[in-house]
Amino acid sequence: MRISYVQPMPANEYLTAVHRLGMNAEQSGWFFGFSGRSGQRYASGEAAVPQSVAMLLRLMLRLQLSPEKVQKSVVEARWPK
């Protein structure tokens, strides 16, 4: 499947989203597998938010998925019992 366009996520939307999910900018960088500094750059507008990050943040908010739930689901999907 090809996704043709994802609305860019401005810095203020990024920061609002990570705060609503109980993280700060630095923690969000770690959550997405980047450095804490990368999360701060996305939050400040110094760097563009990657489309994959924007998509996952919006999905998490819409489905009310905490970072802990997402991490747990990924671990369980990766290593089934």
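Here, each number is a calculation from the coordinates, and none is a lab measurement. These numbers come from a predicted model, not from an experiment. No Cβ is skipped: glycine too gets one built from the backbone with ideal geometry, and neighbour counts run over all protein chains shown.
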| note | Rounded to the nearest 10, the angle in degrees between the Cα long axis of helix 11-20 and the longest principal axis of the Cα atoms of the chain comes to 40 degrees
| Rounded Å value of the spacing that divides the Cα centres of the range 1-23 and the range 32-79 | 9 Å
| Within a Cβ distance under 12 Å of Y42, other residues only, what is the Lys/Arg minus Asp/Glu net charge? | -1
| Any idea which of G39, A77, M23 is furthest toward the positive side of the dipole for the chain, if Lys and Arg beta-carbons carry +1 and Asp and Glu beta-carbons -1? | A77
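Evaluate the charge dipole of the chain about its Cα centre and quote only its size in Debye, nearest 20, assuming +1 on the Cβ of each Lys and Arg and -1 on the Cβ of each Asp and Glu.
Details: 10 positive and 5 negative charges, 60 e Å.
I would put it at about 280 debye.
Tell me the mean residue ellipticity at 222 nm calculated for the chain from its helices only (DSSP H runs of n ≥ 4, each -39500 (n - 2.57), averaged over every residue, nearest 500). Mind dumping the intermediate values first?
On the way: 5 runs with 51 residues, N = 81.
Computed mean residue ellipticity for the chain: -18500 deg cm²/dmol.
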| field | Per DSSP, loop trypsin sites (Lys or Arg not before Pro) in the range 1-69 with at most 16 further Cβ within 10 Å | value | R2
| note | Of all GluC sites (Glu not before Pro) in the range 8-77, the ones in DSSP coil with at most 13 other Cβ atoms within 10 Å are E46
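Count neighbours as other Cβ atoms within 10 Å of each site's Cβ, and list the chymotrypsin sites (Phe, Trp or Tyr not before Pro) in the chain that are DSSP loop with at most 12 such neighbours. Provide the component values of the computation, followed by the final result.
Details: sites: Y5, Y14, W30, F31, F32, F34, Y42; in loops: Y5, F32, F34.
Taking the chain and a limit of 12 other Cβ atoms within 10 Å, the loop chymotrypsin sites (Phe, Trp or Tyr not before Pro) found are Y5.
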| note | Pseudo-spin-label distance L61 to E13, built 7 Å along Cα→Cβ, given in nm, is 0.8 nm
